[in-house]
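Coordinate-derived values only; no laboratory data. This is a predicted model, so every value here is computed, not measured. Note: ideal-geometry Cβ built from the backbone for every residue, glycine included; neighbour counts use all protein chains shown.
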Amino acid sequence: MNIKKSLFILLSILMYSCATDDNLVAESEDETIEEATDDSISNSPNILLIIADDMGLDASPGYSIGSTKPNMPTLQSMINSGITFNNVWAYPTCTPTRASILTGKYGFRTNVLKVDDVLATSETSIQKYLDENTNETYSHAVIGKWHLSRDMNHPSEMGIDYYAGFLSGGVQDYSNWSLVEDGNTSTSTEYTTTKFTDLAIDWVDDQTKPWFLWLAYNAPHTPFHLPPTELHSQGALANDQASIDANPTPYYMAALEAMDTEMGRLLSSMTQEEKDNTLIIFIGDNGTPNQVRQEYPNRRVKGTVYQGGVNVPMVVSGATVSRMNETDDALVGTTDLFATVADVGGTSANEINDSKSFKTLFDGTASNNRAYIYTEVGDDLGGSDMTIRNATHKYILFSDGSEALYDLSIDALEDTNLLSANQLPLSSANSLEKDKLISELETLKN
């Protein structure tokens, strides 16, 4: 081998070695960047809060009450891959529930206790709280039903980056309604459930940083109706009002199925990476309407503080949730969504106002720290029906001063009021539970 060829080979080896070292450094740097990105993502997962309107346990897959269930494969998939909560309390009507989620406060603190009460813009929304405590890490939007004020500027004044939907409690026609989008109003003839999903897909697609989407469907709220055929599996239902009025249940179920179909379309529009990095919370805002109730006694549903009015479905799955296909009996109130979203979003606080985070339940690292949950419903005379429960017992104080006590551990449908005149004197155990609940209620209200 001549000297020139030897030198060429030596130089080639040196150049290859340097290039290999450079590649290794570059690959190492890429891995470091990727790891940092992964850490950043895991510390700030996307948050998707889906609210169904007037959906009680009896209308939800995953719960034993109710013999007629809608076909909801998207929700069922969440159930299979996440946690189904059995003891979640909302307010009996939609406005106070939404205010409790938005502020993390009980209704008597915000003066939002009944339908159409207006939430003061001086209150701090969860979106504002995230902005102030995470250096605006999250973009956020509310799409769908607002029902906290009829002022079209109200969402933006509450600190919402983007709002699109309608402001009132409902629509007269799911396919002919007024759409408010960032302060402008137009008429939409697109089925509300589909339109809200379209808006959600477009908004999520535009995001370049972690996001928090509050997606508030108005389904299956009245008017009971026949959704587009391709969205449900209830079959060939008649579309005249007389048929709907005579048997509203299949139409109610069809609206739930249509919502589930569109939820699935939203999730399918995301990349796998985006879905893996999204926490999904699905919840009902109050119980089932009386016309379509199952098992619950007559007029002990939506609008009342009985279980049929306040015990709502909640399923949590996705990012940060490692428990799969499990149920949880922890006591959770809708106020607790504020602290939970804040906790997941990376703030340091896990207890804010009346709100307590239940994030630790997602992986079972700790049990829930609530011994009681509370809710109430106001009336037009300034009074309210109030109720509070612990793990076993529930106490109700009605606005007229009458009382009720139920042992939910053996009487889930509240058939036997232990305080009624025709009952035997309270046992010492039941009397103790009553006294504890009343004491807790008095402490709370004072």
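Let me have the relative contact order for the range 244-364, percent, based on Cα pairs under 8 Å that are six or more residues apart.
19
Quick one: which residues, 5+ away or cross-chain, put their amide H under 5 Å from the amide H of His393? H built at 1.01 Å from N.
Long-range HN contacts for His393: Leu408.
Given a cut-off of 19 Å, name the pairs among Lys145/Lys195; Lys394/Lys436; Lys359/Lys445; Lys209/Lys356; Lys145/Lys209; Lys114/Lys302 whose C-alpha atoms lie farther apart than that in the structure shown.
From the list (Lys145/Lys195; Lys394/Lys436; Lys359/Lys445; Lys209/Lys356; Lys145/Lys209; Lys114/Lys302), the Cα-Cα distance tops 19 Å for Lys359/Lys445; Lys209/Lys356; Lys145/Lys209.
Report the rotationally averaged projected area of the range 259-400 based on its alpha-carbon convex hull, in square nanometres. Don't skip to the end; give the middle numbers.
Working: hull surface 44.3 nm².
The Cα convex hull of the range 259-400, projected and averaged over all directions, gives 11.1 nm².
Take the eigenvalues of the Cα gyration tensor for the range 172-264, scale each by 5, and report the square roots as semi-axes in whole Å, largest first.
27, 15, 10
Would you mind checking which residues have amide H under 5 Å from Gly284's amide H? H placed 1.01 Å from N; only 5 or more apart, or other chain.
Distant-sequence amide H within range of Gly284: Ala52.
Which cross-chain or sequence-distant (5 or more) residues have an amide H under 5 Å from the amide H of Gly82, H modelled 1.01 Å from N in plane?
When sequence neighbours closer than 5 places are left aside, the close amide H contacts are Asn325, Glu326.
What are the ³J(HN,Hα) couplings of the range 145-156, residue after residue, when phi is run through the Karplus curve with 6.51, -1.76, 1.60 and θ = phi - 60°? Round to Hz, x for glycine and proline.
Karplus values, whole Hz, x for Gly and Pro: 6, 9, 6, 10, 4, 8, 7, 5, 8, 4, x, 5.
Write down the percent of antiparallel bridges among all DSSP beta bridges whose residues are both part of the chain, to the nearest 5.
The antiparallel proportion sits near 55 percent.
Taking the Cβ-Cβ separation of Ala349 and Ala421 as r and a Förster radius of 45 Å, what is the calculated FRET efficiency to the nearest 0.05?
0.45
Rounding to the nearest 10 and keeping the result within 0 to 90°, find how far the Cα-based axis of helix 94-103 lies from the longest principal axis of the chain.
With both axes taken from Cα atoms, the answer is about 40 degrees.
Please arrange Met270, Met259, Met314 by counting, for each residue, the other beta carbons lying within 10 Å of its beta carbon, fewest first.
By the 10 Å Cβ count, ascending, the order reads Met270, Met314, Met259.
Quick one: Karplus J couplings for the range 179-196, per residue in order, coefficients 6.51, -1.76, 1.60, θ = phi - 60°, nearest Hz, x for Gly and Pro?
Per-residue couplings from phi come out as 9, 9, 9, 6, x, 10, 10, 8, 8, 10, 10, 8, 3, 3, 4, 6, 4, 4 Hz.
Give me Val171, Val341 ranked fewest to most by other Cβ atoms within 10 Å of their Cβ, as a rough exposure proxy.
On the way: Val171 18, Val341 27.
Least to most surrounded, the residues fall as Val171, Val341.
Listing Ser357, Ser269 from the residue with the fewest other Cβ atoms within 10 Å to the one with the most, what is the order?
Details: Ser357 22, Ser269 16.
Ordered by Cβ neighbours within 10 Å, fewest first: Ser269, Ser357.
Which three semi-axes in whole Å describe the equivalent ellipsoid of the range 390-445, each the square root of 5 times a Cα gyration tensor eigenvalue, listed largest first?
17, 14, 12
Under unit Cβ charges (Lys, Arg +1; Asp, Glu -1), what dipole magnitude, rounded to 20 debye, does the chain have relative to its Cα centre? Walk me through the numbers on the way to the answer.
Values: 27 positive and 63 negative charges, 157 e Å.
Rounded to the nearest 20 debye, it is 760 debye.
With +1 on each Lys and Arg Cβ and -1 on each Asp and Glu Cβ, how big is the dipole of the range 143-195 about its Cα centre, in debye rounded to the nearest 20?
180
Name the most mobile residue of Ser156, Ser420, Ser175, meaning the one with the largest mean-square fluctuation, in a Gaussian network model of the chain with Cα contacts below 10 Å.
Comparing Ser156, Ser420, Ser175 in a Gaussian network model of the chain, the most mobile one is Ser420.
With a cut-off of 8 Å between alpha carbons and a minimum separation of six or more residues, what is the relative contact order of the chain in percent?
Numbers: 900 pairs, mean separation 97.9, N = 446.
In percent, rounded to a whole number, it is 22.
Towards the positive end of the charge dipole of the chain, with charges on Cβ (+1 Lys, Arg; -1 Asp, Glu), say which of Gln172, Ser269, Ile47 has the farthest Cα.
The one lying farthest along the dipole's positive direction is Gln172.
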